[in-house]
Amino acid sequence: MLKTAIKTKAYATNGANEPLIPFEIERRAPRADDVLIDIKYCGVCHSDIHNTRDEWGGALYPMVPGHEIVGIVTEVGSAVTRFKPGDRVGVGCMVDTCKECSACNQGLEQYCQKQVVLTYSSLELDGVTRTYGGYSRQITVRDRFVVKIPDSLPLEKAAPLLCAGITTYSPLRHWQAGPGKSVAVVGLGGLGHVAVRLAVAMGAKVTVVSRSLNKKADAAAMGAVDYIATSVDEDRARAQEAFDLIINTVSSSADMDSYLGMLKLNGTMVLVGAPPEPLSVNPFGLLMRRRALAGSTIGGMPETQEMLDFCGEHGITAEVEVIKMQDINQAYERLLKADVRYRFVIDMASL
Ligand code: NAP
Ligand code: ZN
C-alpha cells in the first residue's frame with residue numbers, strides 16, 4: 001500500500017517583496033532510507049534573507065526557508081540503521097546529492113559535481129519535486145543527510161551549528177587553524193560568533209574584526225584575544241599584516257582590499273559570506289605578499305557530524321534569541337541591522 005503524504009504547517013513567502021505568512025506543505029511518507037523528523041527549532045541564517053528576497057537569483061516561490069533544523073526522529077524507513085524514533089537530530093543546507101561522483105565519494109557532498117539538492121528553494125533529483133525548508137513542523141530527509149546532535153547540547157542552541165557551525169568549521173580545518181596560527185574572524189554575526197568559538201577551541205589565537213566597538217566585550221567572552229573595530233584608525237593600523245587566516249563572514253561586498261591588507265605573507269582570506277554583487281580586489285594586495293583569496297561552502301556530511309561531536313566535546317553552541325514563528329518578519333529586519341546577539345532561532349512549537 002502506498003503511504004500518503006504528510007501535511008504539515010509552515011511559513012512561506014510568495015515573492016521577493018512579500019512577507020512570510022502561514023502556509024501548508026506536504027512531506028513524503030518515509031521511503032526505505034528516509035527519516036521523518038518532528039522539527040523543534042530552526043535557526044534564521046542571513047542566507048534565508050538573500051534567498052527569500054531572490055538576491056542570488058533562481059528563487060522558487062512559494063518558498064519555505066530554513067536550513068538550521070533540529071528535532072526528534074518520529075519514524076524511520078525500513079533500511080535506516082543509524083537512527084531510531086526519539087533520536088535528537090539535525091539537518092543543514094542540503095538534503096540530497098548524486099552520491100556517486102568523486103566529491104560525494106570523498107564525503108564532500110556540498111561540492112557534488114552533478115546536483116546538490118538544497119534544503120529549500122531547490123528541486124529534488126527527480127527534477128520536479130520542490131524542496132521546502134525548516135520553517136515548518138516536520139521534514140522527511142534521506143538518512144545520509146541527517147546528523148546526530150550530541151546529548152550535551154541544548155537543541156535550540158545547537159540549531160545554528162547546522163549551517164553557521166559547519167560553514168566556519170570546514171574552512172578552519174581545511175586551512176589548519178590551530179596553535180601558532182593567528183586567525184581573524186570578520187563580522188561578528190551568526191556565522192562569525194560560532195567561528196570565534198570553534199577557532200578558539202582549535203587552539204588558534206583569534207581576533208574579531210567588527211565595524212564598531214559595540215561587540216568588544218562579547219568577543220572577549222567568546223575567547224578572542226584581540227578586537228579590531230574597523231571604524232577606529234588605530235585598530236585598523238594594528239591589524240595590518242597581522243593574520244595567517246581570515247574567515248570573512250560579511251554579507252555584503254564590503255572593502256576587500258582593506259581586509260586583504262590584514263594578511264601576513266602567505267596568508268589566506270576565505271570568503272564564506274556570500275554577497276550578491278561581484279567583489280572588487282586590487283591585484284597588488286594579493287601578489288605583493290603572496291596572499292590567497294579563497295572560498296568555502298558549508299561542509300560534507302562526515303565533517304558535519306565531526307563538527308557536532310567537536311562542539312559536544314568542547315561545549316560549543318550558538319548564542320541565541322528564541323523567537324516565535326509569527327515574529328519572523330521583524331526578525332529579518334533586525335538581522336539586516338545586525339541587531340541580534342547572535343542568532344535568531346524559531347521555536348516551532350509556536351507554529
Ligand atoms: P549575519 O548574522 O547578518 O552576520 C554578518 C555580519 O557581517 C554582521 O553581523 C556584521 O558584523 C557584518 N556586516 C554586515 N554588513 C556589513 C558591511 N556592510 N560591512 C562590514 N561588515 C558587515 O549573517 P550570517 O548569517 O552570519 O551570514 C553571513 C553571510 O554568510 C551571508 O552572506 C550568508 O548568506 C553567508 N553564508 C554562507 C554560507 C556558505 O556556505 N558559504 C553559509 C551560511 C551563510 P559586525 O556587526 O560585527 O560588523
Ligand atoms: Zn545558512
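Summary of values
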read-out: Conditions (1) closer than 20 Å to Thr268 by Cα; (2) open to solvent by less than 10 Å² (accessible area, probe 1.4 Å); (3) not polar (S, T, N, Q); number of the one not met by Gly180; value: (2)
read-out: Residue satisfying all of: in the range 55-89; touching a Pro at 6+ places or on another chain (Cβ under 6 Å) and closer than 22 Å to Ile21 by Cα; least open to solvent (accessible area, probe 1.4 Å) among these; value: Glu68
read-out: Failed condition for Thr304, given (1) free of Cβ contacts under 8 Å to residues at least 24 places away in the same chain; (2) open to solvent by less than 20 Å² (accessible area, probe 1.4 Å); (3) among the polar types (S, T, N, Q); value: (1)
read-out: Any chance Arg211 is under 17 Å from the mean Cα position of the chain (by Cα) and either without any contact (Cβ under 8 Å) to a residue 12 or more places away in the chain or open to solvent by 30 Å² or more (accessible area, probe 1.4 Å) (or both); value: no
read-out: Meets criteria (more than 16 Å from ligand 2 (Cβ to nearest atom), assigned to a loop (DSSP other than H, G, I, E, B) and open to solvent by 40 Å² or more (accessible area, probe 1.4 Å)) for Ala29; value: no
read-out: Glu333 more than 15 Å from the chain's Cα centre (by Cα) and open to solvent by 60 Å² or more (accessible area, probe 1.4 Å); value: yes
read-out: Test: Tyr342 is among the aromatic types (Phe, Trp, Tyr) and farther than 22 Å from Val208 by Cβ; value: no
read-out: Lone qualifier among Thr4, Thr8 - being of a type outside the set (D, E, K, R), out of contact with any Lys or Arg (no Cβ under 8 Å at 6 or more places or on another chain) and in contact (Cβ under 8 Å) with a residue 24 or more places away in the chain; value: Thr4
read-out: Residue list for the range 39-84, filter: away from ligand 2 (no atom under 12 Å from the Cβ), in contact with a Gly (Cβ under 7 Å, 6 or more places away or on another chain) and closer than 26 Å to Val320 by Cα; value: Ile39, Lys40, Val64, Val70, Ile72, Val73
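The values are calculated or read from the model by the stated rules, or taken from the named source; none is laboratory data. What you see is a predicted model, and the numbers here were worked out from it, not measured in a lab. Don't worry about glycine lacking a Cβ; one is built from the backbone with ideal geometry, like all the others, and counts go over all protein chains shown. For the accessible areas, the whole protein counts, side chains as well, though only heavy atoms, and no ligand, DNA or RNA atoms are used. Shrake-Rupley method; radii C 1.70, N 1.55, O 1.52, S 1.80 Å.
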